[in-house]
Amino acid sequence: NVDEASQVNVKDFADFLTKFPAYSTNITGHTDNQGPASYNLQLSKKRADAVKALLVDQGVSADKINATGEGETNPVATNNTKADRAQNRRIEAELIRN
């Protein structure tokens, strides 16, 4: 599920993608390193898929969205503290000009 605060960002991104059809996006999910790596890979893909589904619900064509998961392989912070792990549980969107 996408939290309520993030839904506003997704809506704004959807509005941009529908207004400017020359763009598409790569949505990438990430996790912290808690739990098995195989589970985290699946979880990160589910996160990306949830954002993709929300974008599609907002009118973005599904073929303009690539959703992938990287699991715990690309942290932006250490996983030593709760705050650091929270930073690593994230979605990144790459904007692509077609």
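The values are calculated or read from the model by the stated rules, or taken from the named source; none is laboratory data. Note that the structure is a prediction, hence the values are computed from the model and not measured. Heads up, the Cβs are rebuilt from the backbone with ideal geometry, glycines too, and the neighbour counts pull from every protein chain shown. Remember, those area values only see protein heavy atoms, side chains included, never the ligands or the DNA or RNA. Shrake-Rupley method; radii C 1.70, N 1.55, O 1.52, S 1.80 Å.
Where residues in region 86-98 are closer than 15 Å to Asn40 by Cβ and touching a residue at least 60 places away in the same chain (Cβ under 8 Å), which of them is surrounded by the most Cβ atoms within 10 Å (Cβ to Cβ)? Selected residue: Ile91. With respect to the conditions (1) more than 14 Å from Ile96 (Cα to Cα); (2) surrounded by 13 or more Cβ atoms within 10 Å (Cβ to Cβ); (3) without any contact (Cβ under 8 Å) to a residue 60 or more places away in the chain; (4) in contact with a helix residue (DSSP H, G or I) (Cβ under 7 Å, 6 or more places away or on another chain), Val76 falls short on a single one, namely (2).
Does Gln42 count as at pLDDT 95 or above, in a helix (DSSP H, G or I) and more than 21 Å from Arg97 (Cα to Cα)?
Values: at pLDDT 95 or above: yes; in a helix (DSSP H, G or I): yes; more than 21 Å from Arg97 (Cα to Cα): yes.
Yes.
Looking at this structure, is Thr68 under 13 Å from Val10 (Cα atoms), polar (S, T, N, Q) and outside any loop (DSSP other than H, G, I, E, B)? No, not satisfied. The single residue among Ala50, Ala83, Ala14 that is in a helix (DSSP H, G or I), open to solvent by 50 Å² or more (accessible area, probe 1.4 Å) and hydrophobic (A, V, I, L, M, F, W, C) turns out to be Ala83.
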